[in-house]
Amino acid sequence: MDKTTVSESGDPGMNTTRDSSDGRCNSSNTGKRKMNATASGSNENASASDRKRKMTVSDKESGKKPHLSALILARGGSKGIPLKNIKVLAGVPLIGWVLRAAFDSAVFDSVWVSTDHAKIAEVAEEFGAQVHRRSPKVSTDSSSSLDAIQEFLRLHKEVDIIGNIQATSPCLHPIHLQDATRKIREDGCDSVFSVVRRHHFRWQEVKTGGVDTKPLNLDPANRPRRQDWDGELCENGSFYFASRELIEKGYLQGGKMAYYEMLPEFSVDIDIDIDWPVAEQRVLRFGYFGKDQLEQVKLLVCNIDGCLTDGQMYLSAGGEELVSWNIRDTTGISTIQEQGVEVCLISSRDCPIHKLLAKKIGCQLEQNVANKLEVLELWKSKKKLSWEQVAYIGNDESDVECLKKAGVSGVPHDASSDAVKAAGYTCRNSAGRGAVREFADHILLLGEQARAKSQQKNH
Ligand SMILES: CC(=O)N[C@H]1[C@H]([C@H](O)[C@H](O)CO)O[C@](OP(=O)(O)OC[C@H]2O[C@@H](n3ccc(N)nc3=O)[C@H](O)[C@@H]2O)(C(=O)O)C[C@@H]1O
């Protein structure tokens, strides 16, 4: 059966659409804004064996807890945006955003990325996911998500339920996945998918009878005001949970269905390249930045060479060493200092110009450092800070340990691959070309989020 048939038979959102096509805008219970199971729990497209199988999903009799796998599909051949699934969005490769939410939700028995591309596999493993190397057959432009999920299930017999999370919706939070999982595990749903409520009047294109269009979900003689209409539920593409049995039969939605309503600010769906900058802004405001971001950063330590400078050495004819830096970066440092974050500079070299620079921008400086972590630990304990209050930006192997320890860590775009792996944030800008400014902005934004979160907690 195709997707349309499935939806028509059971999706409460689709029922709203159908009823509205003759001008009636059907009300649903808006009190249940967050999560709403199919009211009747009816199983219009499920056979008797489907129902029996549902027992298997909840596995009440055997007592075995069904294995729930998060599965992120990330093929390499995306058309609009090349290698979209690992393109860095606000400092994190696209799949990283949803992988972080999946792990922190702690609801999955396993977390997988299905890919046909070596680099995507590498990034997936860096984020802790297991990798399913899928066949080229389910990786073409015309292969559907369902094809790829079915292939995964054929090769992973231990999995009972799939939570297919789309990387193209990066504003996902652990709470969304926890709520959806409850619908599966506790309420016995066979499938749950995410939606967003929209108040769009839709018109159908008509090609016959001299008429161009007809209304699909409104009566032009009686146009409802937004506040008098509950709107419609639209798939927002964030996730689709479904039991093995449903998927094997060719459905992602069916059986006892529930939808999970996400607020519009979390409903991002990157489809084409112009969506990217909008998604970036959205994720900075509403994305999930991990569990440990509630502390305000109090100290930023910056490796001078290869972060503040571009790592180039200049010599004058007289043999004098010259260093250049970018005013954007020093402005970033001043801005963060004004916000109460102390900035310290560190370098493995000894250079008189570093001293002048540090004095000019009012930073403590440690030069000739053989072990940067030792210095970082010393500053941290002298200033009585926790690691969560320390941010570090570095660019090469000697920075890796500091990047791993600091609560907030960043690297310029052109940092070494070891440093990139160890850091939480990869700047769009390169060393000496605005990376430090960008990282400072990132820290300030995290600070805003921390403040917002603690205000929410206090209310
Ligand atoms: C579950 C499902 O049907 N997902 C489809 C979604 C969904 O209908 C919408 O998001 C709803 O808003 O639409 C598509 O969405 P899109 O093509 O962007 O794919 C979503 C994510 O899944 C990966 N993918 C998809 C298919 C496949 N065979 N392998 C994959 O790795 C993509 O790389 C991307 O990260 C579409 O626009 O064509 C195609 C997707 O297949």
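The values are calculated or read from the model by the stated rules, or taken from the named source; none is laboratory data. Because the structure is a prediction, the values reported are computed rather than measured. Note that each Cβ is placed from the backbone with ideal geometry, even for glycine, and that neighbours are counted across all protein chains shown. Please note that ligands, DNA and RNA were not included when accessible areas were found on the heavy atoms of the full protein model with its side chains. Shrake-Rupley method; radii C 1.70, N 1.55, O 1.52, S 1.80 Å.
Using the structure shown, decide if Glu261 is of a type in the set (Asp, Glu), open to solvent by 10 Å² or more (accessible area, probe 1.4 Å) and modelled with pLDDT under 95.
no
Within the range 182-193, work out how many residues are among the polar types (S, T, N, Q) and open to solvent by 10 Å² or more (accessible area, probe 1.4 Å).
Of the residues in the range 182-193, 0 are among the polar types (S, T, N, Q) and open to solvent by 10 Å² or more (accessible area, probe 1.4 Å).
Can you run down the residue pairs with Cβ atoms below 9 Å, 6 or more apart or on separate chains, where the first is in the range 145-156 and under 13 Å from Ser69 (Cβ atoms) and of a type in the set (S, T, N, Q) and the partner is near the ligand (Cβ under 7 Å from one of its atoms) and open to solvent by less than 10 Å² (accessible area, probe 1.4 Å)?
none
Looking at Val268, Val278, which one is of a type outside the set (Asp, Glu) and surrounded by fewer than 17 Cβ atoms within 10 Å (Cβ to Cβ)?
Just one listed residue meets the conditions, Val278.
Which of the residues spanning the range 331-372 are within 35 Å of the chain's Cα centre (by Cα) and surrounded by 17 or more Cβ atoms within 10 Å (Cβ to Cβ)?
Gly332, Ile333, Ile336, Val341, Glu342, Val343, Cys344, Leu345, Ile346, Ser347, Cys363, Lys372, listed by residue number.
Would the range 171-189 turn up any residue that is away from the ligand (no atom under 16 Å from the Cβ), in contact with a helix residue (DSSP H, G or I) (Cβ under 6 Å, 6 or more places away or on another chain) and among the polar types (S, T, N, Q)?
Within the range 171-189, one or more residues are away from the ligand (no atom under 16 Å from the Cβ), in contact with a helix residue (DSSP H, G or I) (Cβ under 6 Å, 6 or more places away or on another chain) and among the polar types (S, T, N, Q).
Of the residues that make up the range 63-76, is at least one farther than 18 Å from Glu158 by Cα, surrounded by fewer than 19 Cβ atoms within 10 Å (Cβ to Cβ) and within 15 Å of the ligand (Cβ to nearest atom)?
The answer is yes, given that some residue of the range 63-76 is farther than 18 Å from Glu158 by Cα, surrounded by fewer than 19 Cβ atoms within 10 Å (Cβ to Cβ) and within 15 Å of the ligand (Cβ to nearest atom).
For the subset of the range 79-95 comprising residues that are part of a loop (DSSP other than H, G, I, E, B) and away from the ligand (no atom under 11 Å from the Cβ), which member is nearest to Ser139 (Cα to Cα)?
It comes out as Pro82.
If I filter the range 96-105 for residues that are open to solvent by less than 30 Å² (accessible area, probe 1.4 Å), out of contact with any helix residue (DSSP H, G or I) (no Cβ under 7 Å at 6 or more places or on another chain), at pLDDT 95 or above and within 12 Å of the ligand (Cβ to nearest atom), do I get at least one hit?
Among the residues of the range 96-105, at least one is open to solvent by less than 30 Å² (accessible area, probe 1.4 Å), out of contact with any helix residue (DSSP H, G or I) (no Cβ under 7 Å at 6 or more places or on another chain), at pLDDT 95 or above and within 12 Å of the ligand (Cβ to nearest atom), which makes the answer yes.
Suppose the filter is more than 16 Å from Ile165 (Cα to Cα) and either part of a helix (DSSP H, G or I) or open to solvent by less than 40 Å² (accessible area, probe 1.4 Å) (or both); does Leu233 pass it?
Criteria met by Leu233.
Checking the condition over 28 Å from Gly96 (Cα atoms), assigned to a loop (DSSP other than H, G, I, E, B) and among the β-branched types (Val, Ile, Thr), which residue from Val343, Val369 passes?
Only one candidate passes the filter, namely Val369.
For residues in the range 119-144 being within 13 Å of the ligand (Cβ to nearest atom) and open to solvent by 40 Å² or more (accessible area, probe 1.4 Å), which is nearest to Ser69 (Cα to Cα)?
Among residues in the range 119-144 that are within 13 Å of the ligand (Cβ to nearest atom) and open to solvent by 40 Å² or more (accessible area, probe 1.4 Å), the one nearest to Ser69 (Cα to Cα) is Arg133.
I'm trying to understand the selection: among the residues of the range 405-438, which are open to solvent by 10 Å² or more (accessible area, probe 1.4 Å), in a helix (DSSP H, G or I) and either within 19 Å of Leu94 (Cα to Cα) or among the acidic types (Asp, Glu) (or both)?
Once the filter is applied, which keeps residues that are open to solvent by 10 Å² or more (accessible area, probe 1.4 Å), in a helix (DSSP H, G or I) and either within 19 Å of Leu94 (Cα to Cα) or among the acidic types (Asp, Glu) (or both), the range 405-438 yields Ser417, Asp418, Val420, Lys421, Ala422, Glu438.
Residues in the range 168-177: is at least one within 17 Å of Arg100 (Cβ to Cβ), open to solvent by 50 Å² or more (accessible area, probe 1.4 Å) and out of contact with any Cys (no Cβ under 6 Å at 6 or more places or on another chain)?
Yes: one or more hits.
Consider Lys157 carefully, then state whether it is touching a strand residue (DSSP E or B) at 6+ places or on another chain (Cβ under 6 Å) and more than 16 Å from the ligand (Cβ to nearest atom).
Values: touching a strand residue (DSSP E or B) at 6+ places or on another chain (Cβ under 6 Å): no; more than 16 Å from the ligand (Cβ to nearest atom): yes.
The answer is no for Lys157.
Listed here are the residues, each with its yes/no results for (1) more than 15 Å from the chain's Cα centre (by Cα); (2) farther than 11 Å from Val192 by Cβ; (3) acidic (Asp, Glu).
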position: Leu233; (1), (2), (3): yes, yes, no
position: Phe239; (1), (2), (3): no, no, no
position: Ser243; (1), (2), (3): yes, no, no
position: Glu248; (1), (2), (3): yes, yes, yes
position: Gln253; (1), (2), (3): yes, no, no
position: Tyr259; (1), (2), (3): yes, no, no
position: Glu265; (1), (2), (3): no, yes, yes
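Evaluate the following for Leu300: is it away from the ligand (no atom under 13 Å from the Cβ), touching a residue at least 60 places away in the same chain (Cβ under 8 Å), closer than 24 Å to Asn429 by Cβ and in a helix (DSSP H, G or I)?
Working: away from the ligand (no atom under 13 Å from the Cβ): yes; touching a residue at least 60 places away in the same chain (Cβ under 8 Å): yes; closer than 24 Å to Asn429 by Cβ: yes; in a helix (DSSP H, G or I): no.
Considered against the rule, which asks whether it is away from the ligand (no atom under 13 Å from the Cβ), touching a residue at least 60 places away in the same chain (Cβ under 8 Å), closer than 24 Å to Asn429 by Cβ and in a helix (DSSP H, G or I), Leu300 comes out as no.
Looking at the range 205-216, can you tell me whether even one residue there is open to solvent by less than 10 Å² (accessible area, probe 1.4 Å), over 24 Å from Val98 (Cβ atoms) and either of a type in the set (D, E, K, R) or not in a strand (DSSP E or B) (or both)?
No, that holds for no residue.
Rundown of residues vs (1) touching a Pro at 6+ places or on another chain (Cβ under 6 Å); (2) charged (D, E, K, R); (3) at pLDDT 95 or above; (4) within 16 Å of the ligand (Cβ to nearest atom), yes/no style:
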| position | (1), (2), (3), (4) |
| --- | --- |
| Arg197 | no, yes, yes, yes |
| Phe201 | no, no, yes, no |
| Glu205 | no, yes, no, no |
| Thr208 | no, no, no, no |
| Asp212 | no, yes, no, no |
| Leu216 | no, no, yes, no |
| Arg226 | no, yes, no, no |
| Cys234 | no, no, yes, yes |
| Tyr240 | no, no, yes, yes |
